[in-house]
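Below you'll find the structure, written out as structure tokens, and then a few comments.
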């Protein structure tokens, strides 16, 4: 039977299922059970990385924090298990959100020393990606494997479903990376960009439909039906392992892919490859869009010139 609730664009669409309307009620019922195949047992952290001010928070095997003198301080990490993703916001120094392999989200308010589970209402499945809303530092988004995009307006203390997973190539696809991007072209000035196993997608903060990244106003993009530009996009068919927007220059995006580290200076329309080494995670300094750190197949690397040159960093 044809799904009459599906709205399509050239490559991306989402179905307006009743889950969107029931999300708020579901959130009050506690954790939702999912099949064991969608869960991940707690284990080693990472790879994930984020800036907290000038300090780096690194989840790779263990959790650690750079001390500003070239060294690292090992942290205990969340009691609930391994970390899959990290997110911070310059407006809330010391607050770190972590998506957990064992399910749910944990939050630290003291730079990673102590952690609190904040998963009330979330499905009991791995949180593959987390991001903090660019203009609302108490709003956190989490991508839940096998489910969709969830939103908390109170720093993780309660959650509601924001959006089903995107419908790509005849199947719902999990979100592998998230970034909140503050752009004048968003419906309310904000976009949620997401990585998948097939490439890049995004949704304006009206949460009306996943769509291809294309230039112009959000509403124009929603109704135009025009295909995304083909000039210098991210490689299609590659999993986006991590995605970040520079807080000091929101249109500057960095993405970690199997083919390397990629950069966009126009909010994801045109991309250039900055490294051809397999990239697993990437972070950008909150006040310097040219200062980038990444976890790659060759180790932990840093660039101070927007990815033109890279130097190795000692691991924790």
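Within the stretch 44-79, track down each residue that is within 21 Å of residue 103 (Cβ to Cβ), in a loop (DSSP other than H, G, I, E, B) and either under 20 Å from the mean Cα position of the chain (by Cα) or in contact (Cβ under 8 Å) with a residue 40 or more places away in the chain (or both). Within the stretch 44-79, 44, 77, 78 qualify.
For residue 205, are the conditions met, namely being closer than 24 Å to residue 232 by Cβ and modelled with pLDDT under 90? Answer is no for this residue. Of all the residues in the stretch 257-270, those that are buried (at least 24 other Cβ atoms within 10 Å of the Cβ) and modelled with pLDDT under 95 number 1.
The residue that is surrounded by the most Cβ atoms within 10 Å (Cβ to Cβ), among those in the stretch 148-202 that are in contact with a helix residue (DSSP H, G or I) (Cβ under 7 Å, 6 or more places away or on another chain) and assigned to a loop (DSSP other than H, G, I, E, B), is 159.
Here are 125, 50: which of them is at pLDDT 75 or above, in contact with a helix residue (DSSP H, G or I) (Cβ under 6 Å, 6 or more places away or on another chain) and under 26 Å from residue 245 (Cβ atoms)?
Going through 125, 50 in turn, just one is at pLDDT 75 or above, in contact with a helix residue (DSSP H, G or I) (Cβ under 6 Å, 6 or more places away or on another chain) and under 26 Å from residue 245 (Cβ atoms): 125.
Per-residue answers, yes or no, for (1) assigned to a loop (DSSP other than H, G, I, E, B); (2) modelled with pLDDT of 80 or more; (3) crowded, with 17+ Cβ neighbours inside 10 Å:
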{"residue": "219", "(1), (2), (3)": "no, no, no"}
{"residue": "223", "(1), (2), (3)": "no, no, no"}
{"residue": "240", "(1), (2), (3)": "yes, yes, yes"}
{"residue": "243", "(1), (2), (3)": "no, yes, yes"}
{"residue": "250", "(1), (2), (3)": "no, yes, yes"}
{"residue": "255", "(1), (2), (3)": "no, yes, yes"}
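Go through the residues of the stretch 271-279 one by one and say whether even a single one is crowded, with 16+ Cβ neighbours inside 10 Å, touching a residue at least 12 places away in the same chain (Cβ under 8 Å) and on the phi > 0 side of the Ramachandran plot. No, the stretch 271-279 has no match at all.
The values are calculated or read from the model by the stated rules, or taken from the named source; none is laboratory data. Note that this is a predicted model, so its numbers are computed, not measured. Virtual Cβ from ideal backbone geometry, glycine too; neighbours counted across all protein chains shown.
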